[in-house]
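To start, the structure under review is shown below, and the notes come after it.
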Amino acid sequence: MASIRLSKRPKHPVVFGVLLVISVLMVLPFAELILSSLRSANAVHEDTWLPSVFEWSNYKQVVTLIPFGRYARNSVVLATLSRP
């Protein structure tokens, strides 16, 4: 097996910096989405980054209020039937 050698310093630090900034900008909306899903209904519009209380019960409410199992099954059926 060929071993992969990782260099200590990036060969092009400007490219590395640009890619790092782009990757952070791409991840921030997903982080905000997850953090917003953990807020209470009254705290959704707060200007803080982290919720004061993490409401894990929000996920339980979604699974019980929406027929999540049926939607997941339909997705699997459509994905398998639409294969060429």
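The values are calculated or read from the model by the stated rules, or taken from the named source; none is laboratory data. A quick note: this is a predicted structure, and the numbers were derived from the prediction, not measured. Side chains are part of the model used for accessible areas, which takes the heavy atoms of the whole protein and leaves out ligands, DNA and RNA. Shrake-Rupley method; radii C 1.70, N 1.55, O 1.52, S 1.80 Å.
Summary of values
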| read-out | value |
| --- | --- |
| Subset of region 25-45 (residues that are under 19 Å from the mean Cα position of the chain (by Cα), aliphatic (A, V, I, L, M) and open to solvent by 80 Å² or more (accessible area, probe 1.4 Å)) | 25, 26, 27, 33, 34 |
| Out of 9, 73, sole residue that is basic (Lys, Arg) and at pLDDT 90 or above | 73 |
| Selection count where residues are in a helix (DSSP H, G or I), open to solvent by less than 90 Å² (accessible area, probe 1.4 Å) and not β-branched (Val, Ile, Thr), scope region 46-84 | 7 |
